[in-house]
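Trainee: One structure is given below, represented as structure tokens, and several questions about it will come after.
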Amino acid sequence: MKLIGISILLLCAITYVNSLAVMSIDFGSEWMKIGIVSPGVPMEIALNKESKRKTPTIISYRDNIRTFGEDAQTVGIRFPKNSYQYLLDLLGKGINHPMVKLFQQRFPYYDLVEDSDRGTILFKHDDETYYSPEELIAQFLVKAREFAEQSAHQKIKECVITVPCYFNQVERKAVLQAAKLADLKVLQLINNHMAVALNYGIFRTKDFNETAQYIMFYDMGASATTASIVSLQNVKTKERGYVETHPQISVIGVGYDRTLGGLEIQIRLRDHLAKKFNEQKKTTNDVFKNPRAMAKLFKEAGRVKNVLSANNDHFAQIEGLLDEQDFRVQVTREDLENLCSDIFERVGNPVEQALRTAGLAMDVISQVVLVGAGTRVPKVQEALQKVVKQELAKNLNTDEAAALGAVYKAADLSTGFQVKKFITKDAVLFPVQIIFEREVEGDIKQVKRMLFGLMNPYPQKKIITFNKHVDDFLFNVNYADLDYLPAHEILNIGSVNLTEVSVKGVVNAMKKNSGENVESKGIKAHFTMDESGLLKLVNVEYVVEKTLTQEPEEEGTFSKLGSTISKLFSGEPDKKTKEEEAKEEEKPSGDESENKEEKKETTDQTNKTEEVRNTTESKGNTTKEATEQKEAKPKVVTVKEPLEASEKLLTINDMSNNQFSASQDKLKKLNDIEKEINRRATALNSLESFVIDLQTKLEEEEYSSACTEEEKTKILTACSEISEWLYEDGIDADANTYEEKLSELSTLTRDLHYRVFEHKERPEALAALHSMLNGSKNFLESARNLTKSNNPEKDVFTDVEIETLEKIIRETEEWRDKETEEQNKIEKHEPVKLTVKMISEKMAALDREVKYLVNKIKFWKPKKTEKSKDEKKNDDKKEGGEELDEKDIDGSGEKEETVEEPPTEEETEDIPETTTPEEDIEASKPSESDSHTEL
């Protein structure tokens with residue numbers, strides 16, 4: 001019942017505008033989850049080919065075959081160098097980045113090289129093939145779309161992708177680059193904590209009010225841990241001209257540790273098992289130097305870690321770990337906790353950091369909600385509870401919350417759905433500032449201006465004004481003070497310098513807009529932080545305010561007087577001149593100072609009219625007022641002169657067009673190879689299945705009786721030849737060869753399958769025809785009573801219509817009996833004479849004739865009988881007590897006639913739909929007490 005209630009809630013929250021489906025991709029370090037929203041499927045997790053709800057983020061290459069997920073894990077055990085995983089932390093980083101160094105330490109068998117063009121890293125697959133992290137992740141995104149399209153049964157182009165909240169500008173751009181390579185339109189990059197909070201909030205909107213509730217989400221994943229504090233409340237907005245109340249989620253505090261997660265625990269357990277194996281001295285070789293053995297230990301460490309989350313001890317065992325030596329050792333939960341004691345001491349650090357950035361105390365947090373698989377470790381929960389000092393909430397799906405929250409946002413952003421509005425405001429985690437140089441008393445001084453401060457909400461726009469620059473200049477966009485972060489984390493962010501902006505054209509803009517009536521408002525740089533957390537420079541412009549003088553038209557006193565008197569008599573209001581209207585169109589809307597000036601001019605114009613009216617009393621006063629009207633009225637106009645602004649990246653370079661095209665070609669070749677492999681496998685399976693199925697069916701009576709011995713021998717021979725070919729020469733054939741063989745065999749057996757089909761379906765078709773004939777006969781017998789010759793009061797049908805129906809029934813019966821008799825005389829292997837199609841055509845002809853009569857009776861209405869003159873007089877006597885004269889019947893001396901009107905739509909709507917002749921005729925039978933037939 002709970003699941004039904006959730007489905008109903010989501011169906012009410014999401015309205016389908018058209019058939020476009022959208023998806024979300026929760027791409028983590030270890031797992032990938034895909035959410036979809038499509039018509040009739042509100043917020044569901046897409047299944048992979050193994051029908052599982054999450055897919056390991058592992059990709060492997062072996063013998064030109066690319067595999068994903070669990071298949072890639074199997075390949076990775078044997079060939080770990082050709083299997084790539086835990087790629088998320090490598091995006092947008094150079095070869096000397098601390099996170100890259102940590103990755104090489106954890107997985108020493110990968111060959112990482114530097115991309116000299118971009119400053120990033122590349123995986124060296126072989127001497128000719130290199131893969132960047134963006135290219136590898138793009139292939140995962142293509143596979144994610146494939147899973148989503150299979151679940152939604154339609155094409156999907158738009159998506160929302162989750163990213164860790166600590167991703168900087170370079171890392172976010174790298175994710176978008178990977179999505180572009182995958183040919184996906186990213187509606188938004190959404191932080192994991194916001195996606196989780198959105199999924200939490202959409203099911204609890206009834207609990208919101210205008211008072212903010214503070215919830216902490218503690219998320220420990222495979223590679224990182226985050227603690228986020230959000231406020232949930234109802235807010236009032238006036239976006240559409242009237243006040244509306246909507247729920248809102250605002251992120252107000254964030255803390256994180258990007259190396260604290262389940263992967264670190266698994267790595268330590270792997271190394272512990274490796275030491276135990278070396279201590280057993282079953283071989284002289286060191287297990288640490290064998291990549292395949294280390295890959296086996298890594299997989300076993302992950303399994304043991306999960307088991308110890310629910311058990312106190314467990315045995316780790318691997319067959320043929322190294323030099324065909326088996327390995328088995330007992331691991332207790334206490335051993336694991338001792339190995340990771342320093343890790344568990346770091347559990348509370350993200351919580352403390354989140355509270356500091358939010359400026360809150362722990363006692364105002366109403367709930368601490370657990371997210372992520374790492375929070376299932378008992379020691380993690382124990383350490384966390386000591387810090388937060390309250391019960392931990394486990395009322396959220398730790399695996400799927402982010403994917404479901406992100407797909408709700410995708411439905412909101414897409415054009416194919418309308419969802420209940422849920423306002424989301426994320427927060428800036430890394431402050432951004434502007435740095436520029438300015439000359440002060442002959443010295444060059446460096447000036448810093450904060451652009452986006454710590455925990456500023458976004459999306460948001462900001463403007464920086466430069467007031468002292470009179471020539472072209474430069475300014476830098478950098479990260480601001482990051483002292484609130486640990487020292488090692490500042491190194492993980494990478495370069496704090498983002499871009500260098502060069503502004504040109506300042507001198508020309510100032511010369512163009514100079515003069516006594518010009519006031520400079522400075523050079524303004526417009527920035528925006530969009531929904532994805534990306535900082536963008538919109539434009540740079542030089543802004544001045546010009547004071548203009550309005551010159552009134554010269555007009556004589558008597559002309560003004562005549563014009564005013566004319567307006568007074570005609571009742572027309574004062575009309576603005578074309579010049580005034582043109583000037584008003586130049587005014588930008590939304591400026592308060594200009595609106596005030598406009599009101600002032602309107603008031604002045606009214607005063608002018610009053611002054612002109614007084615000219616009829618005093619000629620001297622008229623002359624004075626006319627002089628006042630000629631005085632100039634000042635008008636302030638804002639002028640914005642665009643300036644040329646060019647940005648130079650100071651971090652990792654974006655892909656050039658040539659690099660992007662090369663990556664696209666590389667991925668296209670891989671996709672084409674995979675499609676051809678899948679096509680060949682499908683064709684081979686189809687051919688094998690067809691041969692085996694046909695050989696089995698020919699042993700059955702249904703098929704053997706439908707073909708001659710010669711035909712049967714020919715088919716069996718062909719099947720045997722194909723079977724032998726498949727297991728000898730055909731084992732390496734391509735897809736085209738398999739498809740041609742299948743086509744030849746299908747052509748050979750087409751007649752056999754056709755005869756089997758006819759013999760199987762004919763009895764059901766004849767039974768249906770028999771039933772229709774019986775129903776039509778019953779309808780015919782009842783319809784005979786609704787003709788004028790048999791029942792004058794109910795002349796629904798004509799005699800010709802009855803005869804036509806009778807004729808077609810008789811002819812159909814005669815045709816059925818004749819064709820059935822002829823068909824029964826021939827053998828099943830002979831050509832079919834009575835086909836299912838012929839029977840269907842006869843049924844259709846009979847059905848059309850019956851439906852015509854049924855529709856006629858549905859709209860038939862009896863005519864009212866006209867009363868004689870004597871009957872009308874008698875009726876009038878009974879009602880009025882007097883005998884009316886014939887002329888008084890209608891007041892005109894003419895005989896009143898009754899005209900029957902056709903039934904209206906309201907009268908025919910209540911007539912039930914008739915599906916069978918028996919029901920129709922029953923509905924038309926009158927009861928003994930009725931004087932009219934009621935339909």
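The values are calculated or read from the model by the stated rules, or taken from the named source; none is laboratory data. This one's a predicted model, so the numbers in the text were calculated from it and none came from an experiment. Positions of Cβ are backbone-derived with ideal geometry, glycine not excepted, and every protein chain shown enters the neighbour counts.
Trainee: Inspect all residues belonging to the range 751-762 and state whether any of them is of a type in the set (Phe, Trp, Tyr) and more than 17 Å from GLU702 (Cβ to Cβ).
Mentor: no
Trainee: Only one of these conditions is not met by THR415: (1) under 26 Å from the mean Cα position of the chain (by Cα); (2) of a type outside the set (A, V, I, L, M); (3) within 30 Å of ARG333 (Cβ to Cβ). Which number is it?
Mentor: (3)
Trainee: If ALA645 satisfies every condition in (1) over 30 Å from ALA182 (Cβ atoms); (2) exposed (fewer than 13 other Cβ atoms within 10 Å of the Cβ) but one, which is the exception?
Mentor: For ALA645, the failing item is (2).
Trainee: Within the range 661-679, can one find any residue that is out of contact with any His (no Cβ under 9 Å at 6 or more places or on another chain), outside any helix (DSSP H, G or I), at negative phi and surrounded by fewer than 12 Cβ atoms within 10 Å (Cβ to Cβ)?
Mentor: no
Trainee: Run ALA406 past the list (1) in a helix (DSSP H, G or I); (2) among the hydrophobic types (A, V, I, L, M, F, W, C); (3) under 30 Å from LEU187 (Cα atoms); (4) modelled with pLDDT under 95 and report the number of the one that doesn't hold.
Mentor: Every condition holds for ALA406 apart from (4).
Every residue, every condition in (1) crowded, with 17+ Cβ neighbours inside 10 Å; (2) within 21 Å of PHE167 (Cβ to Cβ); (3) not aromatic (Phe, Trp, Tyr), yes or no:
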position: MET455; (1), (2), (3): yes, yes, yes
position: ASP481; (1), (2), (3): no, yes, yes
position: VAL503; (1), (2), (3): yes, no, yes
position: ASN513; (1), (2), (3): yes, no, yes
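Trainee: Against the conditions (1) outside any helix (DSSP H, G or I); (2) in contact with a helix residue (DSSP H, G or I) (Cβ under 7 Å, 6 or more places away or on another chain), where does LEU742 fall short? Just the number, please.
Mentor: (1)
Trainee: Pairs, please: C-beta under 6 Å, at least 6 apart or cross-chain, first residue of a type in the set (S, T, N, Q) and in the range 496-517, second surrounded by 18 or more Cβ atoms within 10 Å (Cβ to Cβ) and not in a loop (DSSP other than H, G, I, E, B)?
Mentor: ASN497/ASN478; THR499/VAL477; ASN513/VAL544
Trainee: So, one more: How many residues does the range 476-495 hold that are touching a residue at least 24 places away in the same chain (Cβ under 8 Å), within 21 Å of ILE435 (Cβ to Cβ) and acidic (Asp, Glu)?
Mentor: Going through the range 476-495 one residue at a time, the tally reaches 1.
Trainee: Against the condition basic (Lys, Arg) and buried (at least 19 other Cβ atoms within 10 Å of the Cβ), how does LYS101 come out, does it pass?
Mentor: no
Trainee: Filter the range 233-243 down to the residues that are in a strand (DSSP E or B) and without any contact (Cβ under 8 Å) to a residue 40 or more places away in the chain, then identify the one that is surrounded by the fewest Cβ atoms within 10 Å (Cβ to Cβ).
Mentor: LYS236
Trainee: Report whether or not GLU337 is farther than 20 Å from ARG106 by Cβ, of a type in the set (D, E, K, R), outside the structural domain of ARG106 (by TED's automatic domain parsing) and touching a residue at least 40 places away in the same chain (Cβ under 8 Å).
Mentor: yes
Trainee: When you scan the range 668-720, how many residues do you find that are out of contact with any helix residue (DSSP H, G or I) (no Cβ under 6 Å at 6 or more places or on another chain) and under 30 Å from GLU135 (Cα atoms)?
Mentor: Going through the range 668-720 one residue at a time, the tally reaches 13.
Trainee: Does at least one position in the range 250-259 carry a residue that is out of contact with any Asp or Glu (no Cβ under 6 Å at 6 or more places or on another chain), hydrophobic (A, V, I, L, M, F, W, C), buried (at least 22 other Cβ atoms within 10 Å of the Cβ) and modelled with pLDDT of 95 or more?
Mentor: Yes, because at least one residue in the range 250-259 is out of contact with any Asp or Glu (no Cβ under 6 Å at 6 or more places or on another chain), hydrophobic (A, V, I, L, M, F, W, C), buried (at least 22 other Cβ atoms within 10 Å of the Cβ) and modelled with pLDDT of 95 or more.
Trainee: For the range 202-222, how many residues are hydroxyl-bearing (Ser, Thr, Tyr) and buried (at least 22 other Cβ atoms within 10 Å of the Cβ)?
Mentor: 1
Trainee: Say whether the condition of being closer than 22 Å to ALA179 by Cβ, in contact with a helix residue (DSSP H, G or I) (Cβ under 9 Å, 6 or more places away or on another chain) and either crowded, with 16+ Cβ neighbours inside 10 Å or among the charged types (D, E, K, R) (or both) is met by at least one residue in the range 122-129.
Mentor: yes
Trainee: In addition: Would you be able to say whether some residue in the range 310-322 is assigned to a strand (DSSP E or B), touching a Ser or Thr at 6+ places or on another chain (Cβ under 8 Å) and of a type in the set (D, E, K, R)?
Mentor: yes
Trainee: Right, next: Confirm whether THR717 is without any contact (Cβ under 8 Å) to a residue 60 or more places away in the chain, of a type in the set (S, T, N, Q), loosely packed, with under 12 Cβ neighbours inside 10 Å and not assigned by TED's automatic domain parsing to the domain that holds VAL850.
Mentor: Against the criterion (without any contact (Cβ under 8 Å) to a residue 60 or more places away in the chain, of a type in the set (S, T, N, Q), loosely packed, with under 12 Cβ neighbours inside 10 Å and not assigned by TED's automatic domain parsing to the domain that holds VAL850), THR717 qualifies.
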